[in-house]
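The values are calculated or read from the model by the stated rules, or taken from the named source; none is laboratory data. These numbers come from a predicted model, not from an experiment. FYI the Cβ positions are ideal-geometry reconstructions off the backbone, even for glycines, and counts take in every protein chain you see.
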Amino acid sequence: MKSSARPRTAKRREIEGIIRSLRLVGSVHKRHSQELQRNFKITGPQLGVMRIVARYPRISLGEMSQRIYLHISTVSSIVDRLEAAGYLARKRGSDDRRVVFLRLTDKGRALLKRAPVYAFGFLMRDIESLSSAEIHEIHHALRVLIKVMRIEDAAIRTGTDGAAGTGTE
């Protein structure tokens, strides 16, 4: 009787490793997102914005956009929700009224004291600490993966660029 199972070649083991890694990243992200939503009624991107505001008091929307690698309109939507929930406040600049600065409210500071720090919270900082060659290698590999998964065209059609990660601002 002939077995239909494929032999475990080096290439197949590598593919299994890629799939396992993607599943792990996805499940950790999903679990953390669900926990944040259930326990704190906020999303990962919202928590990230709050942590950056805590680290850089009076940060502007434009600076936030650069620090969190999101388009300014996406950051503005996140800030709208945080402001409505009472976690953040906006203040127009006295020198330039077009500039909007962000600050945590007492309610926002209290939430940050209780909210956990997850692996995704370290992602930007830790990627920034990699060498340029390592960053290039990861970026290239992810672009290849996006192409293989045929999701780039779908993102363009739906108007999402993937920068926010989950679309759960």
Would you call ALA85 touching a Ser or Thr at 6+ places or on another chain (Cβ under 7 Å) and either of a type in the set (Gly, Ala, Ser) or under 22 Å from LEU142 (Cα atoms) (or both)?
no
Every listed condition ((1) in contact with an Asp or Glu (Cβ under 7 Å, 6 or more places away or on another chain); (2) at pLDDT 80 or above) holds for ALA155 save (2)
Among the listed residues LEU123, LEU102, LEU88, LEU112, which satisfies the condition of being touching a strand residue (DSSP E or B) at 6+ places or on another chain (Cβ under 8 Å) and closer than 20 Å to HIS29 by Cα?
LEU112
Within the set of pairs 6 or more residues apart or between chains, which connect a residue that is over 15 Å from LEU22 (Cβ atoms) inside the range 135-152 to a residue that is assigned to a helix (DSSP H, G or I) and among the β-branched types (Val, Ile, Thr) with Cβ atoms less than 6 Å apart?
GLU152/ILE146
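Here is a yes/no grid of residues against (1) basic (Lys, Arg); (2) modelled with pLDDT of 90 or more; (3) in the same structural domain as ILE68 (by TED's automatic domain parsing):
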{"residue": "ARG98", "(1), (2), (3)": "yes, no, yes"}
{"residue": "THR105", "(1), (2), (3)": "no, yes, yes"}
{"residue": "GLU134", "(1), (2), (3)": "no, yes, no"}
{"residue": "GLU137", "(1), (2), (3)": "no, yes, no"}
{"residue": "ILE146", "(1), (2), (3)": "no, no, no"}
Has the range 93-101 got any residue that is in a helix (DSSP H, G or I) and not small (Gly, Ala, Ser)?
no
Helices (runs of 4 or more DSSP H) lying entirely in the range 23-89 (those with 3 or more residues that are surrounded by 15 or more Cβ atoms within 10 Å (Cβ to Cβ) and β-branched (Val, Ile, Thr))
44-55, 72-84
Given the conditions (1) of a type outside the set (A, V, I, L, M); (2) within 17 Å of the chain's Cα centre (by Cα); (3) modelled with pLDDT under 90, and given that SER27 satisfies all but one, which numbered condition is not satisfied?
(3)
